[in-house]
1. Does segment 155-185 hold any residues that are farther than 17 Å from residue 227 by Cβ and among the charged types (D, E, K, R), and which are they?
2. So in segment 66-91, with the set limited to residues that are of a type outside the set (Lys, Arg) and not in a loop (DSSP other than H, G, I, E, B), which one is farthest from the chain's Cα centre (by Cα)?
3. Considering segment 195-207 alone, what residues qualify as being buried (at least 16 other Cβ atoms within 10 Å of the Cβ) and touching a Pro at 6+ places or on another chain (Cβ under 8 Å)?
4. Against the conditions (1) part of a loop (DSSP other than H, G, I, E, B); (2) outside the structural domain of residue 22 (by TED's automatic domain parsing); (3) within 30 Å of residue 42 (Cα to Cα), where does residue 225 fall short? Just the number, please.
5. For segment 210-242, how many residues are in contact (Cβ under 8 Å) with a residue 60 or more places away in the chain and either under 20 Å from residue 55 (Cα atoms) or surrounded by fewer than 16 Cβ atoms within 10 Å (Cβ to Cβ) (or both)?
6. Within segment 123-141, is even one residue buried (at least 24 other Cβ atoms within 10 Å of the Cβ), outside any strand (DSSP E or B) and modelled with pLDDT under 95?
7. Kindly provide the set of residues from segment 187-205 that are small (Gly, Ala, Ser), more than 20 Å from the chain's Cα centre (by Cα) and assigned to a loop (DSSP other than H, G, I, E, B), ordered by number.
Amino acid sequence: MSAKGWTKDPRLFRERVRRGQWRSSTAGICPGYVQANLVILPKEFALDFTVFCIRNPQPCPILEILDPGDPTPHEMAPGADIRTDLPMYRIFKDGALVEEREDIGEYWRDDLVSYLIGCSYTFEEALVRGGVPVRNYLERKDPGIYISNIPCRPAGIFSGPMVVTMRPIPASLVSRAVQITARFPKAHGAPVHIGDGALIGIPDLRRVDFGEVPDIEEGEVPVFWACGVTPQVVALRSRIPFMITHKPGHMFVTDLRIEEIASS
């Protein structure tokens with residue numbers, strides 16, 4: 001099958017990833033399907049993290065929680081393996097990023113609980129379909145990702161700031177962008193801020209913490225959405241003893257259609 005074909009089918013795409021044939025961003029991959037952030041924690045921290053997600057549903061909308069030691073997302077992608085089916089992973093120890101790697105088999109343990117968390121790549125396609133041009137999606141690039149000064153509600157050991165993504169939206173289409181993304185609470189929902197980034201601790205939009213530096217054209221307004229990279233920053237601030245996540249932009253592609261998580 002051509003590259004064009006396997007980048008449209010989640011199962012075929014995950015097979016390519018598992019064989020080491022795709023290590024890049026998943027921006028624009030498998031149009032029409034939900035993508036997800038990944039967080040893996042020891043069971044002893046699972047309750048606190050679940051509460052953290054419930055208290056912070058915009059940056060951490062839970063799609064599925066896997067049983068301890070189970071690497072298969074039975075609801076989102078039966079037959080998949082979260083140990084091998086993401087392009088790149090990050091390993092955190094004692095609040096520090098210690099490694100990026102292509103699979104996590106040697107780190108896998110029976111006490112690890114995995115979380116799939118909604119991703120804004122899901123609503124980017126919905127925006128384009130709704131007539132809102134999202135330049136990074138159309139160019140298959142990552143959006144600018146920033147650590148804001150918006151505090152998350154703490155839960156147990158977990159506390160820290162919200163991470164946000166920014167997409168420049170034509171001023172005349174901002175209200176439409178709000179309406180469209182509000183239909184996807186499982187993919188971060190409506191924006192958390194519109195306009196001057198300095199008001200949420202981001203004075204220079206060219207200084208990204210993750211992702212790619214955005215270009216803002218005349219007549220466009222910066223629009224900020226909550227981001228699933230938030231748990232990675234929280235892990236650093238909270239000095240979590242051990243945690244595995246996706247590398248920003250390198251998501252888990254599920255078998256779930258975007259329409260299946262849209263609210264009416």
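The values are calculated or read from the model by the stated rules, or taken from the named source; none is laboratory data. What you are looking at is a predicted structure, and each value in this text was computed from that prediction instead of being measured. Every residue, glycine among them, receives a Cβ derived from its backbone with ideal geometry; neighbour counts consider all protein chains shown.
1. Selection gives 176, 183.
2. Looking at the filtered set, the residue picked out is 91.
3. 197, 205
4. For residue 225, the failing item is (1).
5. Residues in segment 210-242 being in contact (Cβ under 8 Å) with a residue 60 or more places away in the chain and either under 20 Å from residue 55 (Cα atoms) or surrounded by fewer than 16 Cβ atoms within 10 Å (Cβ to Cβ) (or both): 20 in total.
6. Checked against the condition, which is being buried (at least 24 other Cβ atoms within 10 Å of the Cβ), outside any strand (DSSP E or B) and modelled with pLDDT under 95, segment 123-141 yields at least one hit.
7. 195, 201
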